[in-house]
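Working notes, structure below.
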Amino acid sequence: MKARYYLGGAIIIVFLAVLVYNFTQTDIEYESNFTTIMQEGKTCKATGTWIREKAYEENRADRTFSFYIRDAHKNEMRVVYKGIKPNNFEVATSVVVTGKFENGYFQASDVLTKCPSKYEGQKVQNSSI
C-alpha cells in the first residue's frame with residue numbers, strides 16, 4: 001500500500017520538476033536591434049518590417065520560406081523559416097520572428113505578422129460629439 005503512495009508522490013514530483021523547467025526555458029527576450037542579434041547569436045524575438053524590394057522566396061521541396069526584414073535602425077537581416085508562408089504576409093505592417101542568428105542568417109522557428117486591418121480605426125458615419 002505504501003509503495004503506491006511513494007510511486008504517486010514520485011510521479012507528482014517529476015511532473016512539477018518538468019513543469020518548472022519548461023516554465024523557465026520560455027524566457028525569450030524581445031530584441032529590436034539586429035546588430036545585437038547578429039553579435040550575440042542567442043534565441044530571441046526580433047521585430048522588423050518586411051523589405052518589399054527584396055522579394056521573398058518559397059522552396060516547396062525543402063518547405064522553407066525566406067525573406068529580408070529591417071529594424072528601426074535600418075539594419076537588414078535575412079530570415080529563413082522552416083515552414084510555409086503566413087497567409088497575410090504580403091499585407092503585414094510588421095513581422096515578429098522567433099529564433100537565432102546562425103550561419104549568416106536568422107533561423108526562425110516562428111513567424112508572426114501584424115495585420116494592418118486589425119489596428120485601423122473604423123470610419124465614423126455620424127457622431128454627436
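Among the residues making up the stretch 102-129, a single one is at pLDDT 65 or above, aromatic (Phe, Trp, Tyr) and either open to solvent by less than 40 Å² (accessible area, probe 1.4 Å) or farther than 16 Å from Thr43 by Cα (or both): Phe106. I'm checking my understanding of the structure. Among residues of the stretch 59-101 that are among the acidic types (Asp, Glu) and open to solvent by 30 Å² or more (accessible area, probe 1.4 Å), which one is modelled with the lowest pLDDT? Only one residue tops the list, namely Glu90. Of all residues in the stretch 71-108, those that are assigned to a loop (DSSP other than H, G, I, E, B) and acidic (Asp, Glu) total 2.
With respect to Tyr56, is the statement that it is under 25 Å from Cys115 (Cα atoms) and crowded, with 16+ Cβ neighbours inside 10 Å true? Yes; evaluated as a whole, the condition is true for this residue.
Residue count for the stretch 39-70 satisfying the condition of being part of a loop (DSSP other than H, G, I, E, B) and within 15 Å of Ala108 (Cβ to Cβ): 6. Residues that are assigned to a helix (DSSP H, G or I) and in contact (Cβ under 8 Å) with a residue 24 or more places away in the chain within the stretch 18-38 comprise Phe34, Thr35, Ile37, Met38, listed in sequence order. Can you tell me which residues in the stretch 31-56 are among the charged types (D, E, K, R) and more than 20 Å from Ser94 (Cβ to Cβ)? Result: Glu40, Lys42.
The values are calculated or read from the model by the stated rules, or taken from the named source; none is laboratory data. All figures in this text were calculated on a predicted structure; none of them were measured in a lab. Using ideal geometry, Cβ is built from the backbone for each residue, glycine included, and neighbour counts are taken over all protein chains shown. Keep in mind that these areas ignore ligands, DNA and RNA; they rest on the heavy atoms of the full protein, side chains included. Shrake-Rupley method; radii C 1.70, N 1.55, O 1.52, S 1.80 Å.
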